[in-house]
Each structure stands twice: as structure tokens, then as C-alpha cells.
Amino acid sequence: MLTEKDFIATSYNSIESASFEWSAPSNIALVKYWGKKENQIPANPSISFTLNNCKTITKLDVVKKLENNSFSFDLLFEGKPKEDFKPKIQKFFERIEKYCPFLKDYHFKIDTQNTFPHSSGIASSASGMAALAMNIMSLEKTINPAISDDYFYSKASFLARLGSGSACRSIKGEVVVWGNHVQINGSSDLFGVEFSEIHSNFKNYQDTILLVDKGEKQVSSTVGHDLMHNHPYAERRFAQAHENLSQIKAILSSGNVAEFIKIVESEALTLHAMMMTSMPYFILMKPNTLEIINKIWKFRNGTQIPVCFTLDAGANVHVLYPESVKENVLQFIQDELVGYCQNGQYICDEIGNGAKSN
């Protein structure tokens, strides 16, 4: 089992310049992580579907510096300088310097863009930090060709976690587990691991994201996670997450879509219940979020089509369903749900495999 010390780079060469480009997708948690310990360690394990279309594409140009006394980088978002993103990248470099001591040897030009609309309410921190971590690992692989592929992906996930916790689930695999769980071999608090025991019923699963509210969240995820420290229901919630992960592990292996729906919807509502019962308390769902949930329940009960919802820490609704019912569900969305979306906007996505080199 890899430990934190294993990720400290100690042997590497030097290069004059290089360019890399990676894309990394967002992901949607089925069992939610909410609450964390120091150093981006999750308070409970989680499991997610990796998305395919909603991704960040990041190009990294690397040039050797004469002096190596500070971090040096330029940041472009969709081709234009983005100064307000720079503090987050600076903080990320500071967190990972211990594991990538070569960072101050180079000047970086980071050119990044998303395939989904900016401020669409889809968390871009997971895809963005995952894509940047993959580029940094490509640099490490170039200056230390001896590292193995397994180490490459594990360390990329480890680094991505230090930028954004859920980013560690966007590196590799259709379904990814992050956090120690007694029933999942190799699971770790330090990085995400691929979960491969997936029944054909869950292959090519679809995720249509209904954009209910495209504004910035009222409460940042960092603040929300911190509110779990003194939460009256925190310990029971963490235990519940372990129990639900055990159940969904068996469900994903057996192909039981009906039981999958129960766990996934319960987890989404529990996440928001924790927000509503923290101090200070907050509500991120909007009236249209609730309208959509009720419409989904009514449609499922009336047609027996296995469509369900999940939510992130926001108002938008992820509509999950098997590929076999795609035509029926998209028609339902057009007929009954699109009117609850801001400007009628939604994004069609599906399960993907993780980051890709471009």
C-alpha cells in the first residue's frame, strides 16, 4: 500500500523545456463525501461515476529557470489571463511542493479551458485540478522515466486531492472510490482507486445535468465541509456513508438498478439535510430543484422507467439512467423538466474513463 512518503520525488533529472496537454472530466458522487480532516483527508469514503463530456482541457508549457527561489507561472483561461484563479494555483503548488520539489526549477504557462459553460453550476475544480495534476505528473515522468504507470496515476490522484478533494476521483476509471473502506481492496484516504466490479446494467450509464441555477454557490464547499466538525449528526452520517458504500458495492456488482436508485437518491437528500442542520445552516436547493425531483418520482412511478436523480452541493439536478432508456428519458426531460432549467439549459453526459493525454 502506497503511503504519503512514497509520493515524495527524490530522484529526477532536469530538462530545458517541454509541453504537455491533458483533459480530465468532472465526476458525480453516488455516496457523498462531506466533511474532511487536515490535509484534504475525507471524513468518510465516497464513490463516484466519472463523467465523459464535462471536462477541463489544460496545456502546460514548461521552461527551465535560472533561479529557483519561488513558484513562477502564467495562467490563461480560454486564452485570456485569469488573475483571480492564480491564488488557488499558488496554494496548490505550495501544498504539493513537498512531493514535487522540482516545481520551482521551472516557469509554467498554464492554458486551460472547460468544455462546459463557465458558471454553469458544474464544479470545475475537480476537472481542473485533475487535469493540472496529470500535466505535472507528465513532467515528473519526463524527468524520471523510471516511475511505473500505476505510480503515475496514483500520484496524480494524490496530487489532485491536494488541490480539490473530489478531483482525486477524476483521474482513472469509470467508477472510483476515495477513502478507506474495509470491503474495498486498496482503498485509501490519500487517492482514488478504480472500482472495476461493474455489472453491464451500469455500463454507459447516462447523466443529464439540469442547470437549475447557474450562479455561484452561496456557500463554498470548503466552508460546508468545515461545518461538519461540530455537526450534531456528523458521526452517524460518517457511519451511514460506510454502510451505503458497502451496499452500493454489492449493487454495482449485481446490477440491481432498483436498489441503486434508493441509495443514490437517499445520499443526495442526506447531503442537503446535513447542510440544513449545520450551524450556520443553509439551503442550496431551489424551488425548481424540488419541482424536478417530484416530476422524476411521478414519471418513474407511472412508467417504471428506472430514472433517478442525484445532487451535488448546489441546486442543479443530475438525472441518472441506463443507456437503454435514453430516448424515453430525454423525451421526458424535453416535455416536463426543461422549463425548470435556467434558460432551458441542460447538458447530456455519460460515464467516461478519466483523464486523457491530448
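Which number in (1) closer than 29 Å to K109 by Cα; (2) modelled with pLDDT of 95 or more; (3) exposed (fewer than 13 other Cβ atoms within 10 Å of the Cβ); (4) under 24 Å from the mean Cα position of the chain (by Cα) marks the one condition that C54 misses?
For C54, the exception is condition (3).
Could you list, in sequence order, the residues of the stretch 212-249 that are without any contact (Cβ under 8 Å) to a residue 60 or more places away in the chain and closer than 21 Å to F49 by Cβ?
Matches in the stretch 212-249: Q240, E243, Q247.
In this structure, is V223 among the aliphatic types (A, V, I, L, M) and exposed (fewer than 14 other Cβ atoms within 10 Å of the Cβ)?
Values: among the aliphatic types (A, V, I, L, M): yes; exposed (fewer than 14 other Cβ atoms within 10 Å of the Cβ): yes.
Here the answer is yes, as V223 does meet what is asked.
Looking only at residues that are assigned to a strand (DSSP E or B) and free of Cβ contacts under 8 Å to residues at least 12 places away in the same chain in the stretch 61-89, which one is surrounded by the most Cβ atoms within 10 Å (Cβ to Cβ)?
Going through the stretch 61-89, the residues assigned to a strand (DSSP E or B) turn out to be 61-64, 72-77, 80-81.
Next cut, free of Cβ contacts under 8 Å to residues at least 12 places away in the same chain only: 80-81.
Working: K80: 8, P81: 10.
Step by step, filter the stretch 61-89, then rank; the result is P81.
Scan I198, I171 and give me the residue that is modelled with pLDDT of 95 or more, surrounded by fewer than 20 Cβ atoms within 10 Å (Cβ to Cβ) and of a type in the set (V, I, T). Lay out the reasoning, then the answer.
Working: I171 fails: surrounded by fewer than 20 Cβ atoms within 10 Å (Cβ to Cβ).
Every option except I198 fails the conditions.
Looking at the stretch 271-285, which of the residues that are within 23 Å of the chain's Cα centre (by Cα) and surrounded by fewer than 18 Cβ atoms within 10 Å (Cβ to Cβ) is nearest to I122 (Cα to Cα)?
Among them, the one singled out is I283.
Identify, by number, the condition in (1) farther than 23 Å from T222 by Cβ; (2) touching a residue at least 60 places away in the same chain (Cβ under 8 Å); (3) among the aromatic types (F, W, Y) that F282 doesn't meet.
That leaves (1) as the condition not met.
Report the residue count in the stretch 38-75 for those that are in contact with a strand residue (DSSP E or B) (Cβ under 8 Å, 6 or more places away or on another chain) and aromatic (F, W, Y).
The qualifying residues number 2.
Which ones in the stretch 22-39 are touching an Asp or Glu at 6+ places or on another chain (Cβ under 9 Å) and either surrounded by 18 or more Cβ atoms within 10 Å (Cβ to Cβ) or on the phi < 0 side of the Ramachandran plot (or both)?
Residues satisfying the conditions are P25, S26, I28, A29, L30, V31, K32, G35, K36, K37.
If I filter the stretch 95-111 for residues that are touching a residue at least 24 places away in the same chain (Cβ under 8 Å), surrounded by fewer than 16 Cβ atoms within 10 Å (Cβ to Cβ), in a loop (DSSP other than H, G, I, E, B) and touching a strand residue (DSSP E or B) at 6+ places or on another chain (Cβ under 8 Å), do I get at least one hit?
No.
Taking K82 as the residue in question, decide whether it is at pLDDT 95 or above, out of contact with any Lys or Arg (no Cβ under 8 Å at 6 or more places or on another chain) and either not basic (K, R) or not assigned by TED's automatic domain parsing to the domain that holds A273 (or both).
No.
I'd like to know if the stretch 211-230 contains one or more residues that are of a type in the set (V, I, T), under 23 Å from A355 (Cα atoms) and more than 16 Å from the chain's Cα centre (by Cα).
No, that holds for no residue.
Report yes if L245 is more than 15 Å from L320 (Cα to Cα), modelled with pLDDT of 95 or more, surrounded by 21 or more Cβ atoms within 10 Å (Cβ to Cβ) and not assigned by TED's automatic domain parsing to the domain that holds W22, otherwise no.
Yes: the conditions hold for L245.
The values are calculated or read from the model by the stated rules, or taken from the named source; none is laboratory data. The shown structure was predicted, so the numbers you read here are calculated from the model rather than taken from an experiment. As a convention, Cβ positions derive from the backbone with ideal geometry for all residues, glycine included, and neighbour counts pool all protein chains shown.
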